[in-house]
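The values are calculated or read from the model by the stated rules, or taken from the named source; none is laboratory data. Bear in mind that the values here come from a model prediction, so they are computed numbers and not experimental data. Cβ placement follows ideal geometry from the backbone for every residue including glycine, while neighbour counts extend to all protein chains displayed. These area figures cover heavy atoms from the full protein model, side chains too; ligands, DNA and RNA do not enter into them. Shrake-Rupley method; radii C 1.70, N 1.55, O 1.52, S 1.80 Å.
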Amino acid sequence: MLAQITGNIGFLSGTLKFVRKLISNYRRLLTNYDSVLAYSLLGVIGGVASGLVILGFEESIAYLAALWGVGSSGEDFESLPPLFRFLLPAIGALLLGVCYQMLRNEDREVGIVHVLSRMHSHYGALPARNAIIQFFGGAFALASGQSGGREGPGVHLGGAINSLLGQRLGLPNNSLRVLIACGTAGGIAAAFNTPLAGVIFAMEVIIAEYTVVGFIPVMLAAVSASAVSRTFATGGAVFNIPSLQLTSLWEIPYIVLLGFSCGLAVVAFVQISKHTARLSHHAVIFRFTAAGVITGALALFVPEIMGIGYDTLRLALNGEVALLALVVIAGAKIIATSITVGAGMPVGIIGPNLLIGACLGGAMGMIGNQFMPGLASDPTLYILIGMGSAMGAIMNAPLAAILAVLELTHSMSIAMPAMLAIVAATLTHTGLFRQRSLHQTILRQMQRAAPNDPLNQLLHRTHVGSIMDTRAVRVPAVLTQEDREPLLEFNPTWCLVGRDGIDLYLVKGTELLAWLAQHREVEEVDVTEADIRRWTQTSVPMQASLRQAMDGIGKDTAETVCVYERSRSTSQPILHGVITRESIEKFTLAQL
């Protein structure tokens, strides 16, 4: 019996060692951005993880909403009594505000803005605390009728679960960016069953670059998340849409007008959100409660604005909403959602803007059919084009918007009018009124830098191991004759001088060896007395990217960066190599 237990323990120990070795080798592969196979595996894992967490989030919304009698997966707010429609969002916002009041400011940050900010300021390391707050806070907010979407929280949750997985496995920071992109694509794909739109959204909005190595894992993530969604759920916000096509080319000016109208609606949305966000100096409990009261007051007359609004969107697609109602719903949804988002509630903006665009498109489609019955297309076509136009303008992601429309309709025949309207909406928003996307507007208000120029993209995706000089050793400040022999044999490029376990500064190996040669007869020498150049140094972990190394150099006004790895056996970290500012500059010039 004892022998059997001992054998089992030995087997488990051997298995753990084997797994650790596999993970260590996998980490090493991921330090090279061109390791397509390694990143492909990352994409599949990331897609499955994000798909599961999105399903859990959607089920949580439905479960919480059912507690106070809201059916249809947390969408049927219209069936509630008028007084309850006011009290539910008002009291829900108050309770959410009380909880948020107890949190630190940095813990309140959620959504796409949080993801973009952390990708640049913390190199893709998303904290678990914010993700937990996003999950429960977002689910409660949407279940209590706050006007918002679940796709923004989905992007955060999908990115966070993958980032946390990468951090747990000790993966390099450049791979965390890919993991977050995989989570984003998975979140969008699982919500709409639109994997292609999810891929382009991740590349267009989140990491803002297009590379073959970046595309492949993100594509696999979108497919994996979509498969998870179709297996375990009804498929999210999938709409039954008939085959559609443009009736006449004479409609083109009218479609451009629809794009212009959606662009104006998005301008109003962004402006209201921006002005509401300026009240951030007020207590969060006041801001949330005010937003909830406004939503509740509007819901007394327009209950369709509560929650995400996909039930109303389905009715509009089926032609069951009147012209005047469509216009009123669009206006009220703009006011309610923009204030809710500006107040800082943990909700998204994609779903509400799809509804806003759908209402505007449906209204214009009805008007066109009324005055030009022989020329105007089916109002459903205008609804879909309006959805894509509003989404493309609010996110400044026209390519993702057009692909979402094509995947939802399964028809290429509407590609041309949809592209035209999306371009018109985006130009109205960004060109005519000089507005940024909402998340970029909020980042600018928060004075957070999120540059996406080619230089920053290159530094973010390149691991420090790509250019670091590994011929670096630690040397004690006091060297004996025995200490010098291995030093002479190794002939290091860099020597990190330290005393009593504290690293002091770097010196060139050739210069130190030349100085030691002059004092070869001395039994003990103090390196700190050597008249050789001392290089100031800062430190980064082995997982760091070149962007983190450059930031460390700038922050500490250093000339070099020492790359360390935590040691399991000693308190002093292991020195892996050294990078200089000059080596980073040479690398970027050669690459760009």
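The fraction of accessible area contributed by carbon and sulfur in the range 126-243 is 67 percent, rounded to a whole number (1.4 Å probe; ligands and nucleic acids excluded).
Taking all protein chains as shown and a probe of 1.4 angstrom, Met219 keeps an accessible surface of around 100 Å².
Helix 2-30 and the long axis of the chain differ in direction by around 80°, with both axes built from C-alpha atoms.
What percentage of the solvent-accessible surface of the range 446-588, computed with a 1.4 Å probe over protein heavy atoms, is contributed by carbon and sulfur atoms?
Details: 3630 of 7690 Å².
Ligands and nucleic acids excluded, carbon and sulfur reach 47 percent.
For the pair Val98 and Glu523, a Förster radius of 51 Å applied to the C-beta separation gives a FRET efficiency near 0.10, rounded to the nearest 0.05.
Cross-link partners of Lys586 among aspartates and glutamates, defined as those whose alpha carbon lies under 16 angstrom from its own and excluding same-chain residues fewer than eight positions apart: Asp469, Glu559. The candidate values were (1) 33.5; (2) 25.8; (3) 29.2; the one computed from these coordinates for mean projected area of the Cα convex hull in nm² carries the label (1). A simple packing score, the average count of other Cβ atoms within 10 Å per residue, orders the peptides 373-383, 471-481 as 373-383, 471-481, with the highest score first. With the simple spin-label model, which puts each label point 7 Å out from Cα in the Cβ direction, the Ser567 to Asn491 separation comes to 2.7 nm.
With all protein chains kept in place, the per residue accessible area of the range 469-592 amounts to 57 square angstrom at a probe of 1.4 angstrom. Looking at the range 382-458, the trypsin sites (Lys or Arg not before Pro) that sit in a DSSP loop and have at most 13 other Cβ atoms within 10 Å of their own Cβ are Arg434. Annotation for Phe301 and Arg471: the two label points, set 7 Å from Cα along the Cα-Cβ direction, are 7.8 nm apart. Each helix, a run of at least 4 DSSP H residues, gives -39500 (n - 2.57); summed and divided by the residues of the chain, these come to -20500 deg cm²/dmol at 222 nm. Peptide packing: for 560-566, 99-105, 485-491, 400-406, the average count of neighbouring Cβ atoms within 10 Å per residue gives the ranking 400-406, 560-566, 99-105, 485-491, highest mean first. State which entries of Lys17/Lys508; Lys508/Lys555; Lys274/Lys333 exceed 26 angstrom in Cα-Cα distance in the structure shown. Too far apart for the 26 Å limit: Lys17/Lys508. Calculate, for Val212 and Phe84, the FRET efficiency according to 1/(1 + (r/R0)^6) with r their C-beta to C-beta distance and R0 56 Å; round to the nearest 0.05. The calculated FRET efficiency here is 0.55. Peptides 106-114, 137-145 ranked from most to least packed, by the mean per-residue count of other Cβ atoms within 10 Å: 137-145, 106-114.
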